[in-house]
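The values are calculated or read from the model by the stated rules, or taken from the named source; none is laboratory data. What you see is a predicted model, and the numbers here were worked out from it, not measured in a lab. A quick note on method: Cβ atoms are made from the backbone with ideal geometry, for glycine too, and the neighbour counts reach across all protein chains shown. Just so you know, the surface numbers come from the protein's heavy atoms only, side chains and all, with ligands and any DNA or RNA stripped out. Shrake-Rupley method; radii C 1.70, N 1.55, O 1.52, S 1.80 Å.
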Amino acid sequence: MRKSIATVSVSGTLTEKLEAVAAAGFDGVEIFENDLLTCPLPPEEIRSRAADLGLTIEMYQPFRDFEAMPELDLRRAERKFQLMERLGAGLLLVCSNVSPRAVDDDDLAAEQLRLLAERAAGHGIRIAYEALAWGRYVNEYLHSWRIVRMADHPNLGVCLDSFHILSRGSDPIGIEAIPGEKIFFLQLADAPLLAMDVLQWSRHYRCFPGQGSFDVAGLLTHVRNAGYTGPLSLEVFNDHFRQADAHRTAVDAMRSLVALEGSAHPAEPPTGFAFAELAAPRDPAGLRDLLTALGFARSGAHGSKPVELWEQGRARLLLNRTGEEAALAAIGLESPEPADAVKRAESLLAPVLPRERAPREAPLDAIAAPDATQIFLCRTAQPYGWREDFTQDGPAAGPAAGGITHLDHVALAQPWHYFDEAELFYRSVLGLTPQESLEFPDPYGLLRSKAMTGPAGGPRMVLNVAQVGAGQAPSQHVALACDDILAIARRLRAERPDLLLPIPGNYYDDLEARHEVDPALRELGVLYDRDEDGEFLHLYTITVGRVFFEVVQRVGGYHGYGAVNAPVRLAVQHAHAH
Ligand code: MG
Ligand code: MG
């Protein structure tokens, strides 16, 4: 289907918006009146600018407070039709009346809209009538359709807007009763579920499909079943997008439509972690020390790059001695068919990173996530496994008794204004499912966190909003799974207590009040959580550079990440950093 976006959805001047939208691959735009009013170019020039960029002007909007008025005013409409002819726009959005002067009279509304459509026809223009969720008398899409049917004019149809329909909790199944040719336009927006005034909700919190909680895909199915063949058009009012880089927002927007439409290249989602890669100083003594204490052994070195492979069980860590401060730089995801995974990523506008590789090295494709983490889509097993690029120079990793078995999750810091973009990226490109969004206090403010999980046994990621300001705590970590955390904690406490993050006694006083727990937890500095499905025990190491490690043990079917304990961890890290 053709893809369109309202100019209000991205930042900048009208010409900047058009360029950004065209660059992201959109076919058309809805021109918002306000963007036109503030543009120094005459309508003819805007029209040719759009045409040069390959953009169709799908609709001009909005035309407000017209129908069901005590007196008919076609003069204002006539001026807009003349403007639209100069602009080359053939469709005008009329949204339902919010004026206190409007009359609760469907017959009058239908009659006036019929006269408007008749006048529009003289200019070759059509009218799309939209029920605003806060319209004075018309605020349900089936009501706007009733009026359009009563008016019975070929140049009058409805505009459906997923926000107005879903924010009111209306059942979108009724869309299927509207003949496709009478649905003149479809506007799509998602939104988080918020208990607030619907107008404020709409003006500030709309987001792209897949970034909120509405079933936009379900609504689209009904619209398709009705026989609609027009464009999918995003109409998003969002305080963040209004400030963000227009090109970046336009790409995010296009990704949401490709994902919604289901037209991305198909690929099996990743089945787990192949590795986590840490950027490291040239002499990574601190990291080597920490890994050794955790039971890892260096098992290999890259054939052509300063990269070391450290292993324990199925947990694999790469130290890439780039000379930078230690940080989580990349993750390798076990992909059943890496070539398909890369094609999927490309079809969802993920930047594919150019790789330098020696002639005999395995193909290893990486994409850049919005947070700049590199995601390798790869295979550990031979042939063409990524390990073939490493020569073994240490003991082969075997499952050590009571040791680390595999990577449980990685936590990635997200710039706050790209959080929704990141969620949609990980969801659409990698097939991860977002879990509940959590917010908890830390010494810097409120930390927002959302876990994203793959199918059973697949990768788990926790996205955290990065704190702003000086002295911030690191929010990147690699969590390592084990079967006996008390044994690991005991060994670390005996051999390297300096590497463990100390946990305050007050935490254990509270924990023991809430749960019957092993007194060894207090003694060893192990944190604890439980839910209806199981238990979670975890401990943290000190931070090296910008990264730290977590050791976790899941008991039973616990699916969380010990988020209840995160404020304690953050407060201790804060104290340690100062
Ligand atoms: Mg709308
Ligand atoms: Mg964690």
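Results, tabulated for the structure shown:
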{"quantity": "Contour excess over end-to-end distance, with Cα ends at Arg496 and Asp239 and 0.36 nm allotted per residue", "calculated": "87.7 nm"}
{"quantity": "Debye, to nearest 20: dipole size of segment 165-284, +1 on Lys, Arg Cβ, -1 on Asp, Glu Cβ", "calculated": "240 debye"}
{"quantity": "Farthest toward positive dipole pole in the chain [+1 Lys/Arg, -1 Asp/Glu at C-beta], among Ala128, Ala24, Thr7", "calculated": "Ala24"}
{"quantity": "Å² of accessible area per residue within segment 420-578, as computed with a 1.4 Å probe and no ligands counted", "calculated": "42 Å²"}
{"quantity": "Cross-link reach list, lysines versus Lys182, counting only Cα pairs under 28 Å and skipping chain neighbours closer than eight places", "calculated": "Lys3, Lys80"}
{"quantity": "Relative contact order (percent, whole number), segment 13-81, Cα cutoff 8 Å, 6+ residue spacing", "calculated": "37 percent"}
{"quantity": "Translational diffusion coefficient (Stokes-Einstein; Kirkwood radius from C-alpha pairs) of segment 139-290 at 20 °C, 1.002 mPa s, in µm²/s", "calculated": "118 µm²/s"}
{"quantity": "Separation of alpha-carbon centers, segment 318-358 and segment 482-522, rounded to whole Å", "calculated": "36 Å"}
{"quantity": "Acute angle (nearest 10 degrees) that the helix 106-121 long axis makes with the longest principal axis of the chain, alpha-carbon atoms", "calculated": "80 degrees"}
{"quantity": "Charge dipole of the chain about the Cα centre (unit charges at C-beta), most positive-ward option of His409, Val465, Asn320", "calculated": "Asn320"}
{"quantity": "Inter-label distance for Arg101 and Ala520, nm, one decimal - labels placed 7 Å from Cα along Cα-to-Cβ", "calculated": "8.0 nm"}
{"quantity": "Zone of His576's modelled label, taken as backbone nitrogen in segment 485-504 under 11 Å from a point 7 Å along Cα→Cβ", "calculated": "498-503"}
{"quantity": "Convex hull volume per residue in cubic angstrom - Cα atoms of segment 3-261", "calculated": "112 Å³"}
{"quantity": "At R0 = 45 Å, FRET efficiency that the Cβ-Cβ distance of Glu85 and Met196 yields, to 0.05", "calculated": "0.65"}
{"quantity": "Rounded to 5, the percent of DSSP beta bridges in segment 3-261 classed as antiparallel", "calculated": "5 percent"}
{"quantity": "Whole-percent pair-distance distribution, where bins are 5 Å wide, for the alpha carbons of segment 271-346", "calculated": "3, 15, 23, 23, 16, 10, 6, 3, 0"}
{"quantity": "³J(HN,Hα), Karplus 6.51/-1.76/1.60, whole Hz, each residue of segment 215-222, x for Gly, Pro", "calculated": "8, 5, 5, x, 5, 4, 4, 5"}
{"quantity": "Of every Cα-Cα pair in segment 108-188, the percent that sits beyond 14 Å", "calculated": "59 percent"}
{"quantity": "Rounded to 5, the percent of DSSP beta bridges in the chain classed as antiparallel", "calculated": "55 percent"}
{"quantity": "The chain - Kirkwood radius from inverse mean 1/r over Cα pairs (Å)", "calculated": "26.5 Å"}
{"quantity": "Pair Ser263, Gln382: separation of 7 Å Cα→Cβ label points (nm)", "calculated": "4.3 nm"}
{"quantity": "Tail weight of P(r) past 29 Å, computed on alpha-carbon pairs of segment 408-577, percent", "calculated": "18 percent"}
{"quantity": "Area of Lys343 that stays accessible when all protein chains are in place (1.4 Å probe, Å², to 10)", "calculated": "100 Å²"}
{"quantity": "Dipole magnitude of segment 272-392, debye to nearest 20 (Cβ charges: Lys/Arg +1, Asp/Glu -1, about Cα centre)", "calculated": "240 debye"}
{"quantity": "Relative contact order (%) - segment 484-543, alpha-carbon pairs under 8 angstrom, separation at least six", "calculated": "40 percent"}
{"quantity": "Charge tally in the Cβ shell below 10 Å around His240, where Lys, Arg are +1 and Asp, Glu are -1, His240 excluded", "calculated": "-2"}
{"quantity": "Cα→Cβ-extended label distance, 7 Å offset, between Asp510 and Thr221, nm", "calculated": "4.3 nm"}
{"quantity": "Area of Tyr205 that stays accessible when all protein chains are in place (1.4 Å probe, Å², to 10)", "calculated": "100 Å²"}
{"quantity": "Whole-percent carbon and sulfur share, accessible surface of the chain, 1.4 Å", "calculated": "50 percent"}
{"quantity": "Length added when fully stretched, Ala23-Thr391, from 0.36 nm per residue minus Cα-Cα", "calculated": "128.1 nm"}
{"quantity": "DSSP-assigned coil residues among GluC sites (Glu not before Pro) in segment 279-345, each with at most 12 further Cβ atoms within 10 Å", "calculated": "Glu325"}
{"quantity": "Residues of type aspartates and glutamates that Lys450 reaches as a straight line, Cα spacing below 14 Å, ignoring anything fewer than 8 places off in the same chain", "calculated": "Asp420, Glu421, Glu423, Glu436, Glu439"}
{"quantity": "Computed helical MRE - 222 nm, the chain, DSSP H runs ≥ 4 contributing -39500 (n - 2.57), nearest 500", "calculated": "-9000 deg cm²/dmol"}
{"quantity": "Per-residue ³J(HN,Hα) for segment 443-456, Karplus 6.51 cos²θ - 1.76 cosθ + 1.60, θ = phi - 60°, Hz, x for Gly and Pro", "calculated": "x, 9, x, 10, 9, 9, 9, 9, 8, 10, 10, x, x, 2"}
